[in-house]
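Presented below is the structure to which this report refers.
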Amino acid sequence: MKTVVKSMSSLDDEKAKQLVQLQARVGAESGNVSLEGYFDDAIQAVLDFTGQTQANKALLIAAKRLAVVYWNQQADEGETQRIEGGISRTFEATGIPSSIRSSLMPYRVATTRTIR
């Protein structure tokens with residue numbers, strides 16, 4: 001029982017560490033509720049994609065990268081392409097960007113299905 005509590009505490013510590021690094025990366029104030037929400041959403045998206053039930057350090061790092069994407073797309077929600085001042089910018093339509101998805105592939109949980 002003690003090891004489970006210790007690992008949960010360790011996981012919480014790692015999540016807090018990744019959140020501090022995320023705040024520094026995007027230049028947000030400590031305790032920014034919307035950034036914390038993006039991070040929590042990113043963690044859930046990573047867990048859903050991998051089929052895992054609990055995050056580890058590698059998944060938290062991927063979630064941090066995804067939270068940066070969410071943060072940067074705040075004003076661009078719903079857009080797929082924009083041209084401003086001769087500069088064309090294309091956004092991935094939805095989901096996790098392929099660069100992050102590829103780093104998550106080793107952590108996906110296989111599921112078995114019956115053949116009909």
**Request:** Keeping to the range 35-58, report how many residues are surrounded by fewer than 22 Cβ atoms within 10 Å (Cβ to Cβ) and under 22 Å from T111 (Cα atoms).
**Result:** 14
**Message:** I'd like the full set of residues that are among the small types (G, A, S) and under 14 Å from A62 (Cβ atoms), limited to the range 13-42.
**Reply:** A42
**Message:** Tell me whether the range 64-81 contains one or more residues that are of a type in the set (G, A, S) and either surrounded by 11 or more Cβ atoms within 10 Å (Cβ to Cβ) or at pLDDT 95 or above (or both).
**Reply:** yes
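The values are calculated or read from the model by the stated rules, or taken from the named source; none is laboratory data. Just so you know, these numbers come straight off a predicted model, no measurement behind them. When we count neighbours, we look across all protein chains shown, and the Cβ atoms used for this are built from the backbone with ideal geometry, even at glycine.
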